[in-house]
Amino acid sequence: RLNLNPVDLYDIRSMLSDDERMVQDTVARFTDERVLPIIGDCFDKGVFPLDLIPEIAELGLLGSSLPSQYGGAEMNAVSYGLICQELERGDSGIRSFVSVQSSLCMYPIFAYGSEEQRVRWLPQMAQGKVIGCFGLTEPHGGSDPANMKTHAKKDGDDWIINGAKMWITNGGLAHIAIVWARTDDGIQGFIVERGMKGFATRDIHRKMSLRASVTSELFFDNVRVPDANRLPNVKGLKGPLGCLTQARYGITWGPIGAAIACLTEASEYAKTRILFNKPIGATQAVQLKLADMARRITLAQLLVLQLGRLKDAGKMQPTQVSLAKWNNCRMAIDIAREARDILGAAGITTEFCPIRHGLNLESVITYEGTETVHQLVVGREITGINAF
Ligand code: TGC
Ligand code: FAD
């Protein structure tokens, strides 16, 4: 009988290519050496570790799937997933930073931008010298972006943007914002640059979740944006939704990392915490909890590997992403809560990771489409009836 890896019970690693394993190992080392030693402190203090940006860029994690001519590392979708998983084993905030830069900012410039926009922005973004944010959600409700109020009006060769965006990751750090606005010709995307007159950001404080990540409001007061900054190759809601499919795909992998961190810490604790003359890990109650965590992680791992293979084959459908985002966020948040319980009172401090991951996952289960939104997407696929 072989001893199995408790966080890879089905030896999913053997289904990865050599290149994919190398990506996983490299990012895992970065998380172990550079993220884990500082992240509890960053979370306590409510700061994003800016110092890590050059290293993240150096590892090729920004725009990792894009062609090398634009500074990308030309990695496949499974590798991007593994990057998200290993980063989120450290903290959802670090993974969020990479998701937003890669999938929500570099992707739309690559997929919907002009050649001039690609050449101007993408290489600098891959190097972490230009940071982006993605403004879709508005204060009156994020689940229904079709109802956005922010609008852009043509004025000669320019556009005048008015409105506000809320809950925007990286907003306060960003040099550019990909802003989605209503126009006479449908929803369009604009690259709004920091310093443009009338564009302001304000960071959101008192968060109990994603504390090691910057979340901001964006304000547009008659911001004049040249037509050269409009993304010319997409119109309508499918523009932002297409970016969300990319980012949500990464988010299906990320929470597996958080869940692995929680299971690892809870099982180590359970083996050494002696109560009633035996380790709590020797009780059936605790073993049932740990076994259930391993079961749910295994299912999630199999789900995302197949999703990644479908994406690499060009066959992935948004509904498949919705099902995996729903399943894996729910899996991870439940595991974080159980792991916190196994740690007893010690589990309420950030000395241990489960409460930090659990609090972070409250955002992850909400952003990029709430759990309910993804359930209704799957329900619509099955019934053919739109229940939103
Ligand atoms: P519907 O009006 O039917 O469709 C509009 C057009 O879009 C197309 N489409 C998609 N395209 C690509 N990917 C998808 N997932 C797509 N879903 C729809 C669709 O084919 C159609 O195209 P066309 O050519 O016919 O015009 O829209 P819907 O009914 O599908 O949408 C409803 C709903 C509720 C699913 C959608 O509005 C939605 O997903 N709402 C949630 C909004 C959301 O997720 N916001 C996230 C903001 S960004 C964020 O949270 C970043 S956090 C990042 C971090 O820190 O990591
Ligand atoms: P609402 O849409 O108001 O939803 C409230 C509740 O109603 C939810 O429980 C929802 O599931 C439920 N609900 C909605 N519609 C229905 C329905 N038809 N039937 C049943 N229930 C329904 N947005 C960006 O654009 N860019 C970012 O970078 C970004 N980063 C974020 C970072 C953080 C930390 C957080 C917390 C959010 C971020 N968001 C970002 C916003 C995020 O996408 C939204 O919070 C999310 O889409 C939900 O919108 P809402 O918060 O306005 O909730």
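The values are calculated or read from the model by the stated rules, or taken from the named source; none is laboratory data. Bear in mind the structure is a predicted one, so any value in this text is a computation, not a measurement. No Cβ is skipped: glycine too gets one built from the backbone with ideal geometry, and neighbour counts run over all protein chains shown.
At-a-glance table
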| read-out | value |
| --- | --- |
| GLU86 vs. criteria more than 16 Å from ligand 2 (Cβ to nearest atom), part of a helix (DSSP H, G or I) and either within 14 Å of the chain's Cα centre (by Cα) or modelled with pLDDT of 95 or more (or both) | yes |
| Top-ranked residue of the stretch 57-75 - restricted to ones that are among the hydrophobic types (A, V, I, L, M, F, W, C) and buried (at least 21 other Cβ atoms within 10 Å of the Cβ), ranked as farthest from VAL27 (Cα to Cα) | LEU66 |
| Residue list for the stretch 100-146, restricted to those being within 20 Å of ILE251 (Cα to Cα), away from ligand 1 (no atom under 12 Å from the Cβ) and part of a loop (DSSP other than H, G, I, E, B) | ILE131 |
| In the stretch 18-36, the residues that are touching a residue at least 12 places away in the same chain (Cβ under 8 Å) and of a type outside the set (Gly, Ala, Ser) | ASP19, GLU20, VAL23, GLN24, THR26, VAL27, PHE30, THR31, ARG34, VAL35, LEU36 |
| Flag if PHE352 is more than 12 Å from PRO255 (Cα to Cα), in contact (Cβ under 8 Å) with a residue 24 or more places away in the chain and within 16 Å of ligand 1 (Cβ to nearest atom) | no |
| Residue check for THR350: touching a helix residue (DSSP H, G or I) at 6+ places or on another chain (Cβ under 6 Å), under 21 Å from PRO240 (Cβ atoms) and more than 11 Å from ligand 2 (Cβ to nearest atom) | no |
| Breaking point among (1) more than 15 Å from PRO123 (Cα to Cα); (2) under 17 Å from the mean Cα position of the chain (by Cα), for ASP25 | (2) |
| When residues of the stretch 174-199 are limited to those that are in contact with an Asp or Glu (Cβ under 9 Å, 6 or more places away or on another chain) and surrounded by 15 or more Cβ atoms within 10 Å (Cβ to Cβ), the one farthest from ILE355 (Cα to Cα) | GLY198 |
| Near pairs, Cβ below 8 angstrom, 6+ apart or cross-chain, from the stretch 361-381 (without any contact (Cβ under 8 Å) to a residue 60 or more places away in the chain and closer than 21 Å to ASP334 by Cα) to any residue that is of a type in the set (Phe, Trp, Tyr) and near ligand 2 (Cβ under 9 Å from one of its atoms) | LEU376/PHE388 |
| Identity of the residue in the stretch 244-269, within 22 Å of ASN76 (Cβ to Cβ) and aromatic (Phe, Trp, Tyr), that ends up surrounded by the fewest Cβ atoms within 10 Å (Cβ to Cβ) | TYR249 |
